[in-house]
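Trainee: Structure provided below as structure tokens; questions to follow.
Please treat every number below as a calculation from the coordinates, not as lab data. The structure displayed is predicted, hence computed values, not measured ones. In this analysis, Cβ positions are derived from the backbone assuming ideal geometry, glycine residues included, and neighbour counts consider all displayed protein chains.
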Amino acid sequence: MRTLLFAALVVLGAATASTAHADRRETSLHAHMIGGLATVADEDASESGSAALGGLAVRASYATHNSFQYDVSLSLLATGGAAFPSTTFMPPGRPTVTGRYSIASQVTRLDGGVTLRLGVAWIPTVRLAVGGQARRRGGPVVDASAGEVTGEDQLGRGSELSFDLVGTGTIGLDHRINRRLLVGAAAGAGMAVPLGGEAFRTIEVTVHAAWYWYRR
């Protein structure tokens, strides 16, 4: 009985060690679905507005160690209309327009970082990354007494393109279904450092699937 137990432990240990060692030189491609909340500042508002956030991302990674991997991620994000308090717009040569208003945003973000991995089958993860993003802010949409008003000719403001430096951090949990396939979820936050634009912060929840392969 002791001999059988010892043999089983040896086999289990060898299998676990082999699986963990395989992580060392693995390459992977991840597909993400993203949901969350964005907090946006605006030049004509005294306080920030918030809106729902959604998007997709792809992430490529390469591991040189069992415990961590280097990765790069491309994200396409969009927000609903972030709501701001009542403001008066005074376009040149046009009547003033007063009312609450909203602004939608679209973001393309590219970042690179490191993901710490703390398991083999069930894998707690921590990812830190930095990068840049291009952000298109739509023109204000004002809820005025005469109805919705928008457009540069009506308000003196149209859509704007700005660029940010950005940092992100996430905490997640992955599950390795087999040697090739992994699924997981994560929650985190991102903060932009505007390069001439307005502040932009996110809280993000992601679910993803990844495919892994190995160099011989």
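Trainee: List the relative contact order of the chain as a percent without decimals, with contacts defined as Cα pairs under 8 Å and 6+ residues apart.
Mentor: Computed over the chain, the figure is 20 percent.
Trainee: While we're on this one: With unit charges on the beta carbons (Lys and Arg positive, Asp and Glu negative) and the dipole taken about the Cα centre of the stretch 24-214, which residue among ILE171, LEU29, GLY81 sits farthest to the positive side?
Mentor: Result: LEU29, furthest along the dipole toward the positive end.
Trainee: Using only the alpha-carbon atoms, how far is helix 2-22 inclined from the longest principal axis of the chain? Give it as 0 to 90 degrees, nearest 10.
Mentor: Long axis of 2-22 versus the principal axis of the chain: about 40 degrees.
Trainee: Continuing with the same structure: Please arrange VAL166, VAL97 by counting, for each residue, the other beta carbons lying within 10 Å of its beta carbon, fewest first.
Mentor: Fewest-to-most ranking of VAL166, VAL97: VAL97, VAL166.
Trainee: Just to verify a number: FRET efficiency for ASN178 and TRP122, C-beta to C-beta distance, R0 = 22 Å, to 0.05?
Mentor: 0.95
Trainee: May I have the convex hull volume per residue, in Å³, for the Cα set of the chain?
Mentor: About 124 Å³ per residue, rounded to a whole number.
Trainee: Tell me, SER86, SER102, SER145 in order of fewest to most beta-carbon neighbours within 10 Å? Spell out each step's value before the answer.
Mentor: Numbers: SER86 12, SER102 21, SER145 8.
Fewest to most other Cβ atoms nearby, the residues stand as SER145, SER86, SER102.
Trainee: In nm, to one decimal, how far is the THR88 label point from the ALA134 one, both placed 7 Å along Cα→Cβ?
Mentor: Result: 3.8 nm between the two label points.
Trainee: Any idea which of LEU195, GLY147, VAL120 is furthest toward the positive side of the dipole for the chain, if Lys and Arg beta-carbons carry +1 and Asp and Glu beta-carbons -1?
Mentor: Going by the Cα projections, it comes out as VAL120.
Trainee: Taking 41 Å as R0, compute the FRET efficiency from the Cβ-Cβ separation of TYR214 and ALA52 and round it to 0.05.
Mentor: 0.55
Trainee: Another one. Can you compute the charge dipole magnitude of the chain about its Cα centre, using +1 on each Lys and Arg Cβ and -1 on each Asp and Glu Cβ, nothing else charged? Give it in debye, rounded to the nearest 20.
Mentor: Using Cβ point charges on Lys, Arg, Asp and Glu, the chain gives about 1440 debye.
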